[in-house]
Every structure is written in structure tokens, then in C-alpha cells.
Amino acid sequence: MARRVVPVSLVAAALAAVVLLVPVASGSSAAKYTVTAVDFRFQKMPKTVVAGAHTFTLVNRGQATHDLKLAGKKTKILNNGQRASIRVTLKRGKTYAFLCTVPGHAALGMKGKIVVKK
């Protein structure tokens, strides 16, 4: 019975492919969003997301100061041109409210909801 020899480079390439595909196959849900605050609304805030850890970076392009509060976390209050990030874990099937906590800004439209897909 003849013995078959598999080249080491072929085995290494196969292992590398498995390592690269595992995060995709496991449904890795970490995402990053850059949200722009203008007077008086948020731009580029997603309406729906998948469950998991997400990083939201707020960039203030408005003349007024703004911040972002979501899922119990809040950025610092930002002046024009500044940016800050929060990392939140969002649970499947839930809806999360977000808003600017600067007095009066939410009433002027700086608020909304994010729905986490089931």
C-alpha cells in the first residue's frame, strides 16, 4: 500500500483559509458606524442593526455642541469638528432609543430609534 505525502505548504494554506473564514461563518456582528451631528439632526445613523457589539463614532459638524446617548452610554459633549466614540452591545429583538442630551436638542429632532434584528 503506497503512502501519500501531502506537502506542508498545502496544509498551511488550508489552515490559513479556515482561520480567515471562521469569523464570517460564526456570524461576527461587530460593526463600526460614523454618525454626523448637524443642527439639529443625526446623519448616517442606522435604523436597523444586527445583535452584538457596535462602535458609534459621533462627528460634530453643527455650529452648536452635540453628544450621543445610546444604550446607557454617552459621548462627551462635542464642539464643531470634534469626534468621540462609544461602544455598546445591542441585544437581538430590542429597540434602542438614541438622542442628543444637550437641553432642547432632542425636542428639535435629535433623537430616534435603532431596531436590532431578530
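Readers should treat all values here as calculations from the given coordinates under stated rules, not as data from a laboratory. For clarity, every value in this text was computed on a predicted model and none was experimentally measured. In this analysis, Cβ positions are derived from the backbone assuming ideal geometry, glycine residues included, and neighbour counts consider all displayed protein chains.
Odds and ends about this structure:
- Alpha-carbon Rg with Dmax, taken over segment 28-116, Å: 12.2, 37
- R0 of 30 Å, Cβ-Cβ distance THR48-SER85: FRET efficiency to nearest 0.05: 0.90
- Table column - 3J(HN,Hα) (Hz), segment 102-118, Karplus curve with 6.51, -1.76, 1.60, x for Gly and Pro: 5, x, x, 5, 4, 5, 8, x, 8, 7, x, 9, 10, 9, 8, 4, 7
- Virtual spin-label span in nm between THR57 and LYS94, 7 Å along Cα→Cβ: 2.5
- Full-stretch length increase - LYS117, THR101 - with 0.36 nm per residue and alpha-carbon distance subtracted: 3.2 nm
- For segment 28-116, the dipole from Cβ point charges (+1 on Lys and Arg, -1 on Asp and Glu) about the Cα centre works out to 300 debye, to the nearest 20.
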